[in-house]
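Here the structure is laid out as structure tokens; the discussion comes afterwards.
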Amino acid sequence: MPPVFPMLTVLSMFYYMCLRRRARTATRGEMNSRRAIESNTRALPINVEIVQYAKEVLDFSSHYGSENSMSYTMWNLAGIPNVYPSSGDFTQTAVFRTYGTWWDRCPSARLPFKRTPPTFCSQDYVELAFEEPVYPTAVHILETYHPGAIVRILACSANPYSQNPPAEVRWEILWSEAPVKVDGPQARQFTPCIKQINFPTNLIRLEVNSSLLDYYTELDAVVLHGVKERPVLSLKTSMIDMNDIDEDEDEEKYGCGMDTLSKQFSIVTLREWPTNGYFDKLPYELIQLILSHLAVPDLCRLAQTCKLLYQHCCDPLQYIHLSLQPYWARINDTSLEYLQSRCTLIQWLNLSWTGNRGAISVSGFSRFLKVCGSELVRLELSCGHFLNETCLEVITEMCPNLQELNLSSCDKIPPQAFNHIAKVGSLKRLILYRTKVEQTALLSILNFCSELQHLSLGSCVMIEDYDLIASMMGAKCKKLRSLDLWRCKNITESGIAELASGCQLLEELDLGWCPTLQSSTGCFTNLARKLPNLQKLFLTANRSVCDTDIEELAANCTRLRQLDILGTRMVSPASLRKLLESCKDLSLLDVSFCSQIDNRVVLELNDNFPNVFIKKSFTQ
């Protein structure tokens, strides 16, 4: 029987040849010009390129700045550049919360989900709205400090300013690449070659991975170039790249896209095969082990090959740990419905970034947990803006064994809803970064969840009295190992004393940007003496940190691995030498904007202590 070639490949090759023929006859200007050249000839249609800066920041996963200011926040990405082309550390830029691999090397680090596809490496994101929907021709990203974090650029079919929500929301990847190490921290304009899409957009999403960076990346502005009418494909577009053709063909042939994932899960009839080959001779457990290395879309493809592999691919044991975050753009109620029968034994579930813009409903999420929540131990729901009080109530009722709950940046959950979390007495990890949790609910959680080991309250702006919270932690949470109080505005030496006395197992403490703490009260000295197990201590932007505090850390916290004293004016090189000599495991020391620590001192310390990454930021 003659081989059957996919029609897509044949048509693509024919189209490519037509474009090549056109290229031979076209002028250089016709083929290479991106901008329309206005003409007085009315008979010719003109497709003028529109250039626009972001009008509004719609959503993001994290930022370095405060919720109540503009410094170092994602909101700085709206509008024209504030800093570019200057390089350096500027408060008027957008900065994400983390960089490098330091956050993966501290006591609060979480174990990664297996089966994450290698093409998905995003750690943070920001979504930007523009005034006019256009067919994108270019995206310019103005990076002003430590560039190189952008790994994906996506476009959305939904118009955030439309009064009528679309029946279907589509996301298309304009550009994607693994993170790369960029030489030097200098500013640059990043303009990757983007793919043409078949719908206009005014909603652009940037995804970043900062793991290779030596410091925080800083973004100043995003410029979207595009035309109102759909452009004719040119030789420059990646849509005729043979790799893209093969990928699209593969997706169409095997249904590997998450659009068809729900259909694949629902398949109940399979093609009749005479035998299952040699797989019949393999032990069941061995086949299960082999399949455990496949990503979810690959399981969907394999399930269509034969009855034996269909049985293996649908076995609930294959879904003990399931991360749907890499497929956030295509997960919806239907996906969860078809996954239900396969997730009855699920223990780890990652739904971070999923469900927004109506993709997952409260009822769909609730139905899934009622079937699959009984064995759940870990639940990741970061940036899940569909979550409301009903969802938290269902979680607490249907997940009696839950130990880890991540609600980071779920800023749409109403304050009173967090009271339900107190019912989960088995919780060991709770992440409430950038949520609207209020003081009463948090006190209740701390009172009833005495098994807590890791707690993140960074940028929780609705808590009125952090001293009271710290006192409750010291009284009830004796097993606490890591605590994030990033940017808590009102904790004092009294709260720190209660915390240090009651939570002596603490290994990680983030007190960055806590302006009410003053070294003169002895609060940092008390910490060093009461918490000898400290491995990570962030005192970022506390200008009162002094030599006495550093010397106490050197004497009492010899296991220290990471220390951030950015911005202090009272620490001398001599005290830092004592610290480095005493803390043999120290790997990160941030002395940015420390007035007594100049570049000469940093170079000297680097020479004497080469195993320590000593960071000195700058502004030009």
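The values are calculated or read from the model by the stated rules, or taken from the named source; none is laboratory data. Small disclaimer: the values here were computed from a predicted structure and weren't measured. When we count neighbours, we look across all protein chains shown, and the Cβ atoms used for this are built from the backbone with ideal geometry, even at glycine. Remember, those area values only see protein heavy atoms, side chains included, never the ligands or the DNA or RNA. Shrake-Rupley method; radii C 1.70, N 1.55, O 1.52, S 1.80 Å.
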Candidate aspartates and glutamates - alpha carbon under 18 Å from Lys181, same-chain residues fewer than 8 apart omitted: Asp124, Glu143, Glu207, Asp214, Glu218
Extended-chain gain in nm, criterion 0.36 nm per residue less alpha-carbon gap, Ser582 and Val461: 39.9 nm
Computed over the stretch 273-324, the ratio Rg/Rh where both radii use C-alpha atoms and Rh is Kirkwood: 0.96
Efficiency of FRET from Cβ geometry, Leu111 and Leu286, R₀ 35 Å, rounded to 0.05: 0.90
Only Lys, Arg (+1) and Asp, Glu (-1) charged, at Cβ; the stretch 49-227 dipole about Cα centre in debye: 580 debye
Given charges at beta-carbon only (K, R positive; D, E negative), |dipole| of the stretch 319-463 in Debye: 220 debye
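Calculate, in whole percent, how much of the Cα-Cα pair population of the stretch 319-463 lies beyond 24 Å.
On the way: 2377 of 10440 pairs.
When all Cα pairs of the stretch 319-463 are counted, 23 percent exceed 24 Å.
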Contact order relative to length of the stretch 49-227, as percent, for alpha carbon pairs under 8 angstrom and 6 or more apart: 36 percent
10 Å binning of all Cα-Cα separations within the stretch 480-619, expressed as whole percents from 0 upward: 13, 48, 32, 7, 0
Set of lysines with alpha-carbon distance to Lys615 below 16 Å, sequence-local pairs under 8 removed: Lys536
The stretch 481-620, relative contact order [Cα under 8 Å, separation at least 6], %: 18 percent
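Using 0.36 nm per residue, how much length does the chain from Thr440 to Leu212 gain when fully extended, once their Cα-Cα distance is taken away? Please report the intermediate quantities before stating the final value.
Details: separation 228, 0.36 × 228 = 82.08 nm, distance 4.04 nm.
Difference between extended and current length: 78.0 nm.
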FRET efficiency for Asn47 and Thr119, using Cβ-Cβ distance with R0 set to 30 Å, rounded to 0.05: 0.35
The stretch 202-223-the stretch 78-108 distance, computed between alpha-carbon centres (Å): 8 Å
Estimated distance in nm for a label pair at Glu131 and Tyr161, the labels positioned 7 Å out from Cα along Cα-to-Cβ: 0.7 nm
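Given axes a ≥ b ≥ c from the Cα gyration tensor, I'd like to know whether the stretch 416-483 is rounded (a/c under 1.5), prolate (a/b larger than b/c) or oblate. Numbers along the way, then the final one.
Details: a/c = 1.38, a/b = 1.23, b/c = 1.13.
Judged from the Cα gyration tensor, the stretch 416-483 comes out rounded (a/c under 1.5).
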Listed residues Arg559, Arg115, Arg205 arranged by accessible area, highest first, probe 1.4 Å: Arg559, Arg115, Arg205
Tail fraction, Cα-Cα pairs, the stretch 80-239, threshold 19 Å, whole percent: 59 percent
Set of lysines with alpha-carbon distance to Lys281 below 20 Å, sequence-local pairs under 8 removed: Lys307
Among the listed pairs Lys412/Lys616; Lys428/Lys489; Lys370/Lys436, those beyond 29 Å (Cα-Cα): Lys412/Lys616
Debye log10 I(q)/I(0) at q = 0.12, 0.18, 0.21 Å⁻¹ for the stretch 430-558, Cα point scatterers: -0.39, -0.91, -1.26
